[in-house]
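Worksheet: the structure to be examined is printed underneath.
The values are calculated or read from the model by the stated rules, or taken from the named source; none is laboratory data. Computed from a predicted structure; not experimentally measured. Glycine gets a Cβ as well: all are built from the backbone with ideal geometry, and neighbour counts include every protein chain shown.
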Amino acid sequence: MTGSFWWDLLIGVVVALALTWVALVVALVVVRPRGGLLREALRLLPDVLRLVRRLAADRSLPRGVRVRLWLLVVYLAMPIDLIPDFIPVLGYADDAIIVTAVLRGVVRRAGIDAVRAHWPGTDDGFAAVVRLAGL
């Protein structure tokens, strides 16, 4: 194979990754909670992380829900973010936005009762999670 092939392949991969990153950033901006809900999501993040771990381990939930939750746990554990942390606001909020989007899907598939049964925080915190999930 020629050197030109490898350069074309490298450029194609870089362009594909850049376009995917841009699409994900746009999706994060579209899905993000409005107004004060983003601040609430950031404040609730430790309880929500415990909730995600508990839901992911619950074998009574549908497999697709558990797979999404485990993928979320893996994403949150990775040191690389979609949006670097040095970017103001969205840098730290991308994790909260992704957790919120996944939680919305979990509540729709598994039901609010499953989420309530595993909630580790206060009743006020649960009410905020319900608002974040769009219920």
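Looking at (1) over 12 Å from the mean Cα position of the chain (by Cα); (2) surrounded by 17 or more Cβ atoms within 10 Å (Cβ to Cβ); (3) at pLDDT 85 or above, which one does ILE83 not meet, given that it meets all the others?
Among (1) over 12 Å from the mean Cα position of the chain (by Cα); (2) surrounded by 17 or more Cβ atoms within 10 Å (Cβ to Cβ); (3) at pLDDT 85 or above, the lone unmet condition for ILE83 is (3).
Being at pLDDT below 75 and in contact with a helix residue (DSSP H, G or I) (Cβ under 9 Å, 6 or more places away or on another chain) narrows it down to one of ALA57, ALA41, so name that one.
So the residue among ALA57, ALA41 that is at pLDDT below 75 and in contact with a helix residue (DSSP H, G or I) (Cβ under 9 Å, 6 or more places away or on another chain) is ALA41.
Modelled with pLDDT under 85 and surrounded by fewer than 15 Cβ atoms within 10 Å (Cβ to Cβ): which single residue out of ALA96, ALA101, ALA77, ALA110 fits that description?
ALA77
Taking the condition out of contact with any Ser or Thr (no Cβ under 9 Å at 6 or more places or on another chain) and surrounded by 13 or more Cβ atoms within 10 Å (Cβ to Cβ), does VAL130 pass?
yes
Go through (1) surrounded by fewer than 19 Cβ atoms within 10 Å (Cβ to Cβ); (2) at pLDDT below 85; (3) outside any helix (DSSP H, G or I) for GLY125 and report which single condition fails.
The number of the failed condition is (3).
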